[in-house]
Amino acid sequence: MKQYFIDLGSSTIKVYEYTDGLKLLEEHSIYFKNDFSSENGISEENKKSLLEYFSELKKKYKLVYENTNIFVTGIFRNLSEEKRLEMKRLFNDKFDLHFNIISHGIENYYLAKALENDYNDKKVLIINMGGKTTELVTFEGTRVTKSMNLNIGVADLLNNFAHVNDEYSKDTVEDMASFIDEKIKDVILDKDYDAAIFTGGEERFELLTNFNLVPNTLFNDNVHKYMVSLDDYVSGTEKVFYDISMNELYELMPGNPKWMDGARSGAIIPLVLFRKANIKWIIPSDLNLINGVINDK
C-alpha cells in the first residue's frame, strides 16, 4: 500500500510518498515560531494556515490514518501538555490523523538511521538544523558514538538580525557567526573529524546557488556525490548574502519560495560548528529524519 510520511517542523512541512522508494512530493513553509508561546500554542493565523494546508493534502493524496505517518518536531515540543492534547484532538477530529510529536532523542535516532552508512572508516559529524533546534550526531566507521542537541536554530538569527533578508544582506556573515559563537561558547566538539554532513536540503540549495562543489572522494555511498571545502563554503555563503538577491533566491525555488527566507541565516550555525570542530570538508545532504524512518522499517 502506498504510504505518506510528513515531516512537520518549526517552519517547513515536507510531504513524502513511499512505495518502492521514498519520493519528496512537496514542501510548504509556515513560520510557526511567529507569535508562539508554550501556553497559547501557535498563533491563530498559523493554525488556520496549517489546517488549510492539511485539508488540501488530505484531499489531494487521499490521506487516511492507515496510510499517513506524521512526525512533528521543533517548536511543537515546547507546547504545554494542554496544547499538545489540543493539537492531537484537532488532527484526530478534523482529519482522522495522528499529530505525533517526537522527542529530541527519537529525532536523533532517526537522523542516525537516515545516515547509517560505512563511511570508509572516517569520523563524520552530522548536523541537522531546524528553526529552533540543531541536532549533532557523530559516526565513527559505522557506529554512532555521540549525539548532542542544541536549543538554537535559524529562528534565533532571524529574530536578532533584521536586515539579513534585505534584497542584499546588510547583516554580515561574520557578525552573525560571532553572535552564534557566543551563544554556543560552552559547546565542546572533537577536533579530529574527517568531514561534516550538513542535512535537510543542503545539497539542493548548494547546487541551486552554485557553490564550488567537487566530487566526494572521502567515501562512496551512492547518495552523497559532492563535498565542499570550508573556504569554499564560506565563499558560497558570502555570495548568497551579498551577490544573490532575495528575489533571485525565491526564483530558484518557485514551488516553495518562502524556504529561502531561512537560507542565509541557515548557513551560519553550521559554519560556526565547522570552525569549532576544525572541519575541512563539508558534504551537503538532502536526507532527513523521514529517510531514517524508512531505513528503520
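Tabulated results
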quantity	calculated
Single residue of Ile13, Ile75 found to be closer than 23 Å to Lys258 by Cβ and part of a strand (DSSP E or B)	Ile13
Glu251 in contact with a strand residue (DSSP E or B) (Cβ under 7 Å, 6 or more places away or on another chain), of a type outside the set (Phe, Trp, Tyr) and part of a helix (DSSP H, G or I)	no
Residues located in segment 19-40, provided they are surrounded by fewer than 17 Cβ atoms within 10 Å (Cβ to Cβ) and either farther than 28 Å from Tyr4 by Cα or touching a strand residue (DSSP E or B) at 6+ places or on another chain (Cβ under 7 Å) (or both)	Leu22, Lys23, Leu24, Leu25, Glu26, Asp35, Ser37, Ser38, Glu39, Asn40
Top-ranked residue of segment 224-243 - restricted to ones that are part of a loop (DSSP other than H, G, I, E, B) and either out of contact with any helix residue (DSSP H, G or I) (no Cβ under 9 Å at 6 or more places or on another chain) or free of Cβ contacts under 8 Å to residues at least 40 places away in the same chain (or both), ranked as surrounded by the fewest Cβ atoms within 10 Å (Cβ to Cβ)	Asp243
Selection from segment 245-262 of residues that are at pLDDT 95 or above and surrounded by 22 or more Cβ atoms within 10 Å (Cβ to Cβ)	Met260
Pairs, first within 19 Å of Leu25 (Cβ to Cβ) and in the same structural domain as Ala177 (by TED's automatic domain parsing) in segment 247-267, second of a type in the set (S, T, N, Q) and in a loop (DSSP other than H, G, I, E, B), C-beta under 9 Å, six or more apart	Lys258/Ser11; Trp259/Ser11
Verdict on Asn128 being in the same structural domain as Leu189 (by TED's automatic domain parsing), within 20 Å of Asp181 (Cα to Cα) and outside any loop (DSSP other than H, G, I, E, B)	yes
Tyr193 being buried (at least 18 other Cβ atoms within 10 Å of the Cβ) and assigned by TED's automatic domain parsing to the domain that holds Ser245	yes
Phe54 vs. criteria under 26 Å from Asn291 (Cβ atoms) and either touching a residue at least 12 places away in the same chain (Cβ under 8 Å) or out of contact with any His (no Cβ under 6 Å at 6 or more places or on another chain) (or both)	yes
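For (1) closer than 15 Å to Ile6 by Cα; (2) at pLDDT below 95; (3) hydroxyl-bearing (Ser, Thr, Tyr), each residue gets a yes or a no:
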| site | (1), (2), (3) |
| --- | --- |
| Ser43 | no, no, yes |
| Ser49 | no, no, yes |
| Asn67 | yes, no, no |
| Leu79 | no, no, no |
| Leu90 | no, no, no |
| Leu97 | yes, no, no |
| Glu107 | yes, yes, no |
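The values are calculated or read from the model by the stated rules, or taken from the named source; none is laboratory data. Please read all numbers here as calculations on a predicted model, not as lab measurements. Note that we place each Cβ from the backbone using ideal geometry, even for glycine, and neighbour counts take in every protein chain shown.
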